[in-house]
Amino acid sequence: MDILFKDEYLKLRLTEEQIYKQKLPPSEIKRGTGKNAVRRIFETDHYDNFENQSLEELKQEMEKMGIDQDIPYPFLLRFLYGNSFDIQDTIKNIDEHLKWRQDPNNFKFTLTVTELLQIGAVYLCGRGVYQRPIIVVNAALMDTNKFSHIDITTTLVINLVIAEAYMLEPKVIETWIVLIDARQSSAFNIGFNYLNQFIITLKRNFPCRLEKILIFEPQTSIQVSWQIVEQFIPFSSRHKIEFINKANKDLLYKFIEPQQLQMKFQGTMDNFYDYWPPQLPKINHAASFNHNNFNTQYTQQQELLHNFMLQKSCRIPNEIQNILKQKDKPKDKKFKDETLVQFELKKYQQREVSNALDPVQQNNVFKKSRFVAPKNKIRQDLVTSKHITQSHL
């Protein structure tokens, strides 16, 4: 595993100035209480009573089982959250994780793994909101029909370990974003069983590291298959998965700014093809400036247009405004009352006639004397029905 830690990866780290400027709101550190809480920052000295109590229970149970006690609290608390504060499951998960870390086969650079890294099956690409690392997964290249599950998992794990060691910062940045490029893949080669294994690998060995999985422009077959597969994925993991398509591309910018997105993902960063070894991509500041400037200009134009139309409307003389208002104004109240009286009188006459006739005669009379409502009444009903329909959409 030592091969994953090289001096050339130091360039992936933030500068001290960038770390100092990084300020997180309280909601991005911890939200909620008890087992239902969501914590993103674990490297801190401030834990609540429930967390401290759970840590003490875990320590006592580990002591009874003769497990090494020299494990940092942030590490233990992260695995407690990952296992919903179940003490036995947490101990089992920690033991399996420590053995997994010590097995060099989990990080072995085989020829296939090296090929997958070089073609960009999985690669690091900049940072998202709050400087969270972005791991891009090209679903079309992660074809389980061509590559073994072990090689695919190893390719993913190598990127995650490097991101964890060089792109995360304790107390500031402790989660990452996974962007899955699904444009050229389908449900037949992406393998949702692999996606489930991918989530399990993250949960067992990198608990509480995942901020979001963004699946970019999935094909219809993937979305249809997902409706079935999501039932077998825990809700705690399911709600972290978002599908990005043409209808909700603004959701992508909520997690990753355009200057940190390649153009193929509707960003302003130039596309690059040198995926390995990992490096920070060059940000196209000119394109980023143009993108932000375009949005600013568009907003200003809309404001100017609004103000212009407002000024124009205010310049219309009061006499003309009154004429325009009177143009489509309904009839006066007296006319409405007279129309309503005629309408009710006609209904009364029909009811009196129909009571004196047998059913056959009633039908004939009704056909001959069918009442037609006034135009104003029909117009008012149409307006009312239209308003009700729109209000329920």
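The values are calculated or read from the model by the stated rules, or taken from the named source; none is laboratory data. Predicted, not measured: the structure shown is a model, and the values here were computed from it. Please note: Cβ atoms are built from the backbone with ideal geometry, for glycine as well, and neighbour counts cover all protein chains shown. Protein only, heavy atoms only, side chains kept; ligands, DNA and RNA dropped before computing areas. Shrake-Rupley method; radii C 1.70, N 1.55, O 1.52, S 1.80 Å.
Of the helices (runs of 4 or more DSSP H) lying entirely inside region 127-213, those carrying at least 1 residues that are modelled with pLDDT under 95 and over 22 Å from PHE243 (Cβ atoms) are 149-166, 192-205. Residue by residue through region 41-63, note down the ones that are touching a helix residue (DSSP H, G or I) at 6+ places or on another chain (Cβ under 7 Å), open to solvent by 40 Å² or more (accessible area, probe 1.4 Å) and assigned to a loop (DSSP other than H, G, I, E, B). Listed by number, the list holds a single entry, GLU43.
For region 26-36, does any single residue satisfy the condition of being in contact with a strand residue (DSSP E or B) (Cβ under 9 Å, 6 or more places away or on another chain) and at positive phi? The answer is yes; a qualifying residue exists.
Whenever a residue of region 233-252 is farther than 12 Å from GLU217 by Cα, its partners that are at pLDDT 80 or above and assigned to a loop (DSSP other than H, G, I, E, B), lying with C-beta atoms within less than 8 angstrom and at least six residues away or across chains, give the pairs SER236/SER84.
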